[in-house]
Amino acid sequence: FTIFIEFVADAARGHRAEVSVPQIILTVLKQTAWLTLGGFLIGIAFGLCTRAILRRLQRYGATAEQQIALTLACGYLAFYTANAPCKVSGVIAVAVFGLYGAATSKFDISAKLEESGAF
């Protein structure tokens, strides 16, 4: 959506009047690749950070509520960071963040928390 809204806004301002169809297709492909790759990288980065922080918190005896709050906060922060400052896909960032969490047994949360069913 963000790719095409840029084209509409530029056309309304008259900036892309002489652009050919192949140039438009190439621009759309480049922007799609950038949004996807950027979202993927941010999702992985936040997943790795969340996992590392949770491991440290477990060493210091973090409660179930603290672990859940951290996981949710990092997911929201990944979306915001991707969407606002980085201008990449926040949805892809959150999806990759969640997939990374699922692949690492819920970010390696404590067994006590997992057994409680709270997460």
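The values are calculated or read from the model by the stated rules, or taken from the named source; none is laboratory data. Owing to the predicted nature of the structure, the values given are computational and were not obtained by experimental measurement. Cβ atoms come from the backbone with ideal geometry, glycine included; neighbour counts cover every protein chain shown. For the accessible areas, the whole protein counts, side chains as well, though only heavy atoms, and no ligand, DNA or RNA atoms are used. Shrake-Rupley method; radii C 1.70, N 1.55, O 1.52, S 1.80 Å.
Descriptive notes on the structure:
- In the set (1) over 21 Å from the mean Cα position of the chain (by Cα); (2) under 30 Å from Glu115 (Cβ atoms); (3) of a type in the set (S, T, N, Q), Thr71 fails one condition alone, (1).
- All positions within the range 77-91 that are out of contact with any helix residue (DSSP H, G or I) (no Cβ under 9 Å at 6 or more places or on another chain) and either under 15 Å from Ile3 (Cα atoms) or in contact (Cβ under 8 Å) with a residue 24 or more places away in the chain (or both): none
- Per-region count, the range 77-110, residues closer than 13 Å to Gly47 by Cα and either assigned to a loop (DSSP other than H, G, I, E, B) or open to solvent by 60 Å² or more (accessible area, probe 1.4 Å) (or both): 9
- The residues listed here are Leu35, Leu113; of these, the one that is out of contact with any helix residue (DSSP H, G or I) (no Cβ under 6 Å at 6 or more places or on another chain), of a type in the set (A, V, I, L, M, F, W, C) and either within 19 Å of Thr2 (Cα to Cα) or assigned to a helix (DSSP H, G or I) (or both) is Leu35.
- Of all residues making up the range 38-76, the number that are out of contact with any helix residue (DSSP H, G or I) (no Cβ under 8 Å at 6 or more places or on another chain), assigned to a helix (DSSP H, G or I), surrounded by fewer than 16 Cβ atoms within 10 Å (Cβ to Cβ) and not small (Gly, Ala, Ser): 5
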